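A.B. asks: Handing you a structure now.
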Amino acid sequence: MLSFLPIFPLAQAVPIPSPPPASQELVKPQEVRTLPGQLDHVPVFNSNSPELVLKEGILLSTFPPNGKSNPSAHLNFPFQGRFDIFAHHIAKAPTPEDLRTLYLGIILHNPGNQPVRVDILQAASYLSQPDAPFIDLPPQVDNRDGTVYAGPGSRVMSDILRGRRQADFPPYLVIPPQESRMLLNLPIPVRTLEPPLNGRSTLMRLHSDGMVYVASLARYPEANSVEVAPTLAEWQQLLDTGDLAGPRDRVPTPPNATTERIIYGRVAGVARGSIWQAELIDNPTTRLLKIPQPGQAFSYGLSTLPGGLLGTSQSQSAPLLVRYPDTAYFAHGNYGVQYSLTLPLVNPTSETQTVTLSLQTPIKQDQLQGGLRFWEPPAQQVFFRGTVQIRYNDDTRLPRTRYLHLIQRRGQVGQPLVTLTMPPSDRRLVQVDFLYPPDASPPQVLTIETLVR
C-alpha cells in the first residue's frame, strides 16, 4: 500500500508511545549532543502541501500578487543565485470512475529586461509507480551503483547525493525578458494502478544569474481530451486565474501553543537552508573528537524538532521565509536537506579500540528519560528509508567511499555504518553525508560507540 503520510505530523509531543506487542524496551543511557553547525542560507522552494491533491490549482507560487485573480495565493518571493526546488505530491482517483492523470508543472518567470540563465546543477524526479515502488528491503544494503531504493523520495535523494542530473532535465534554461518557461511538466498517472494512487518526488539544485519567480501547479487534462501534458499557455492561465489546490492539509499547531499534541503540518513556502554542514569536534582548539571510553557511546541528534529534541533543546527544522497561513510554520523533517558531517576521530587511550558509527532511530522524546529508548524488535512502521554516503580511511589506511541504503523502523538501533580498529593515538577522519528523504519521520541520531574488547 503506497503511503506518503509519515506518522510524525500526528505524533504526540511529550508522552512516550506504547511499544508494539511482544517488544522489549531498550534504554541506552548515553549522551546526546547538540549538532554543531547550522543550515546554510540557500532558499528552498518547498512544495509539499497539499500532499494529496484532488482539486487542481496552485500548489505554491512565489509570483507577485498583482494582476492575479487570487492575490493571496502568491507569496511575492524572487529567487536569484543558488536555490533549490523540492516538490512532493500524491495523486489519487477522486472517484472510482475518474482516472484522469494529474499533471505537475513548475514554471519559472523572468520579470526583468535581460535574458536570465538558470543552470540545473542537479535534478531528479521519480514516480512511486513504476519508477520507485515502496518495497521491503533489509535494514542495510550496499548501494554503490545507486540501484537500491524504496520509494521515490529514497531514489531522488540518492541521485542528488551523487551529484546527478537526470537525463530528462537540460543543463540550463534561458528565459527571455518578461517571459516564462516550464522547468518541469510531468504526469502522476493512476489509471492502471490498484489502488489508483501514485506519487511524485522531485528535487533540483539550481543557479540563476538573474531574478526569477517560481510556481508549482497541478491540473487535469481538459474533459474528454487526449491526455497530454498541458501547454505553457494553459499553465499560465491556471497561475493567473486559479486558486490554491486542495484539499487543504491539517492546520498546524502554532509554535508557542501549549498542547500535548503537535500538528506539524505540511510545507508550502520558501524554507531557508539546503545543507547542514558540521565538524563534530570536542573544542575548536584541538579540532578533534575523542572516541568514547570502552563500553560507552554518545550521539548527535539529526533532524530534531519540537517534541523530538532528544534532550538537546535544539530544533533543526528549517525556518520559513514565506508561507501560506494554513501550512507548516517550519520545514519540520528537513526533507531534501543534506547533512554533511565531518568527524576527526582520535583514540586518546594507550590501548587499541574498536569504534563503530551508526545511524539510529530512537523513540521520539523531548527530554530523555534515562537515555535513548529503542524497541527490540522495532515497530513495523518505517521511519527512515534512504542512502547514506560514508568516506573514511580503512584499517589499512586506504581511502574508502561506501553508499549504504538504510531501512529503519520506529525504535530501531541500527547496524554500524563502519567499524574502525584504532591503535593508540590513532586519528581517523570520517565524513558522513545524506539527504533527509521524504517519507521519513524524524528524529534520528548518529552514534559513536567504543566496543568492549
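The values are calculated or read from the model by the stated rules, or taken from the named source; none is laboratory data. The structure presented is a predicted model; accordingly, all values stated were derived computationally and were not measured. Cβ: placed from backbone, ideal geometry, glycine included. Neighbour counts: every protein chain shown.
A.B. asks: Is it the case, given these coordinates, that H89 is more than 22 Å from the chain's Cα centre (by Cα) and under 21 Å from E234 (Cβ atoms)?
C.D. replies: no
A.B. asks: A follow-up question, please. Considering I291, I275, which residue is modelled with pLDDT of 95 or more and under 30 Å from G81 (Cβ atoms)?
C.D. replies: I275
A.B. asks: Restricting attention to segment 198-216, does a residue exist that is of a type in the set (A, V, I, L, M, F, W, C), over 30 Å from R409 (Cβ atoms), more than 23 Å from the chain's Cα centre (by Cα) and in the same structural domain as P115 (by TED's automatic domain parsing)?
C.D. replies: Yes, segment 198-216 contains a residue that is of a type in the set (A, V, I, L, M, F, W, C), over 30 Å from R409 (Cβ atoms), more than 23 Å from the chain's Cα centre (by Cα) and in the same structural domain as P115 (by TED's automatic domain parsing).
A.B. asks: Within segment 209-220, which residues are in a strand (DSSP E or B) and either β-branched (V, I, T) or over 24 Å from G151 (Cβ atoms) (or both)?
C.D. replies: Residues satisfying the conditions are D209, G210, M211, V212, Y213, V214, A215, R219.
A.B. asks: Right, here's the next one. Does at least one position in segment 342-355 carry a residue that is in contact with a strand residue (DSSP E or B) (Cβ under 9 Å, 6 or more places away or on another chain) and modelled with pLDDT under 95?
C.D. replies: The answer is no, given that none of the residues of segment 342-355 is in contact with a strand residue (DSSP E or B) (Cβ under 9 Å, 6 or more places away or on another chain) and modelled with pLDDT under 95.
A.B. asks: Another question about this same structure. Out of curiosity, is V388 over 26 Å from D249 (Cβ atoms) and either within 20 Å of the chain's Cα centre (by Cα) or not assigned by TED's automatic domain parsing to the domain that holds D426 (or both)?
C.D. replies: The answer is yes for V388.
A.B. asks: Next question, about the same structure. Where in segment 68-167 are there strands (runs of 3 or more DSSP E), lying fully within it, with 1 or more residues that are closer than 18 Å to P189 by Cα and outside the structural domain of Y403 (by TED's automatic domain parsing)?
C.D. replies: 79-92, 102-109, 116-127
A.B. asks: Counting residues that are polar (S, T, N, Q), which strands (runs of 3 or more DSSP E) fully inside segment 299-383 reach at least 3?
C.D. replies: Qualifying strands (runs of 3 or more DSSP E): 338-346, 353-360.
A.B. asks: Within segment 385-412, how many residues turn out to be crowded, with 19+ Cβ neighbours inside 10 Å and farther than 16 Å from P437 by Cβ?
C.D. replies: Number satisfying all stated conditions: 3.
A.B. asks: Kindly check whether there is at least one residue in segment 158-166 that is out of contact with any Phe, Trp or Tyr (no Cβ under 8 Å at 6 or more places or on another chain), of a type in the set (S, T, N, Q) and surrounded by 15 or more Cβ atoms within 10 Å (Cβ to Cβ).
C.D. replies: yes
A.B. asks: If you don't mind, there's one more thing I want to ask. Only one of P254, P230 is outside any strand (DSSP E or B), of a type outside the set (S, T, Y) and outside the structural domain of T62 (by TED's automatic domain parsing); which?
C.D. replies: P254
A.B. asks: Another question, if that's okay. Pull out all pairs, ordered by first then second residue, where Cβ-Cβ is under 9 Å, the residues are six or more apart or on different chains, the first lies in segment 423-438 and is over 18 Å from I390 (Cβ atoms) and buried (at least 21 other Cβ atoms within 10 Å of the Cβ), and the second is at pLDDT 95 or above and among the aromatic types (F, W, Y).
C.D. replies: Within 9 Å, the pairs are P438/F86; P438/Y335.
A.B. asks: Please find, within segment 156-184, the residue that is farthest from the chain's Cα centre (by Cα) out of those that are among the acidic types (D, E) and more than 15 Å from I106 (Cβ to Cβ).
C.D. replies: E179
A.B. asks: Name the pairs whose Cβ atoms lie under 9 Å apart, with the first residue in segment 185-208 and under 11 Å from L104 (Cα atoms) and in a loop (DSSP other than H, G, I, E, B), the second at pLDDT below 95 and of a type outside the set (F, W, Y), and 6 or more positions between them or separate chains?
C.D. replies: P189/L99; P189/E227
A.B. asks: Go through segment 384-433 and report how many residues are under 24 Å from D282 (Cβ atoms) and in a strand (DSSP E or B).
C.D. replies: 19
A.B. asks: Taking segment 218-265 as the region of interest, how many residues are surrounded by 13 or more Cβ atoms within 10 Å (Cβ to Cβ), within 22 Å of T101 (Cβ to Cβ) and of a type in the set (S, T, Y)?
C.D. replies: 1
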